[in-house]
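No lab work stands behind these numbers, since they all come straight from the coordinates. Because the structure is predicted, anything quoted here is derived from the model rather than measured. Every residue, glycine as well, gets a Cβ built from its backbone with ideal geometry; the counts of neighbours run over all protein chains shown.
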Amino acid sequence: MTRIVIVEDELDIAAVVQDYLRHSGYETEHFADGQSALQSIIASPPDLTLLDIMLPRLDGIEVLRRAREHTAHPIIMLTARIEEVDRLLGLELGADDYVCKPFSPRELVARVRAVLRRTAPGNAPGQDPREDAPGLVLDDVHWRASLEGTPLNLTRREFGLLQVLSRHPGRIFSFSRARLLELAYDDTVDVTERAIDSHVKNLRRKLGAVTPSHDWIRSVYGVGFAWEAPVDPAR
Ligand code: CA
């Protein structure tokens, strides 16, 4: 059974979330402070953790940071502040997703399902990219890509972006994270959000020209974008 740890000090919220998750067939375990949650997460990582930020004893950001030194299991942050999202999803902290408070329990359960699906064995980042993006072939040596046998005439930057996105399906890339990656790639240019946005648009257009029925790059409002492989693996 899929085990989900809920770390939330507001007991009424925790109770509702637990109810919904149990009704959806998940096993749940609740912690009301960061310290005891962290101990449990490290001792026995669950399938997924829902982690509030404002917590007694150890706040959620610190729990996330320390947990990440021991386990890569999916962690969804519960936050009341949209300004925090960029940092939470960033390279430094590495949350898998976030849900803004107040949230509907139904929305939360949907998010849990989506994160579990994309992090399930076989969909994990770092595995064969063709598993995640059917029909997409990347030639890392010559920076060439093709989709369903059609060469995509990409610039080096578009290729880099495609490489990173397609190997982390479902993962949300904030503009600042994309910027960091771009900087790591080539620090001689000034990388602006606008420049990244235009690479994303061009890449989306070129992919869309081959597969008009599927939008590979999903925009995440106010945050960034994510790679979205087609749902049907037999597509
Ligand atoms: Ca709280």
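So if R0 is 30 Å, what FRET efficiency would GLU228 and VAL16 give, r being the distance between their Cβ atoms, rounded to the nearest 0.05? Mind showing how you got there, number by number?
Values: r = 29 Å, r/R0 = 0.98.
E between GLU228 and VAL16, to the nearest 0.05, is 0.55.
The translational diffusion coefficient of the range 3-118, from Stokes-Einstein at 20 °C and 1.002 mPa s with a Kirkwood hydrodynamic radius over alpha carbon pairs, comes to 156 µm²/s.
Each residue of the range 219-227 was assigned a 3J(HN,Hα) from its phi angle through the Karplus expression (A = 6.51, B = -1.76, C = 1.60, θ = phi - 60°), giving 7, 10, 3, x, 10, x, 7, 8, 7 Hz with x at Gly and Pro.
Whole-Hz Karplus values for the range 21-34 come out as 5, 5, 4, 8, x, 9, 8, 10, 9, 10, 10, 9, 9, x Hz, taken residue by residue from phi with 6.51 cos²θ - 1.76 cosθ + 1.60 and θ = phi - 60°; glycine and proline positions read x.
Amide H to amide H, with H built 1.01 Å from N, THR28 comes under 5 Å of ILE4, counting only residues 5 or more places away or on other chains. Using only Cα atoms, locate the centre of the range 26-95 and the centre of the range 210-231, then give the distance between them in Å, rounded to an integer. Computed from Cα coordinates, the inter-centre distance equals 27 Å.
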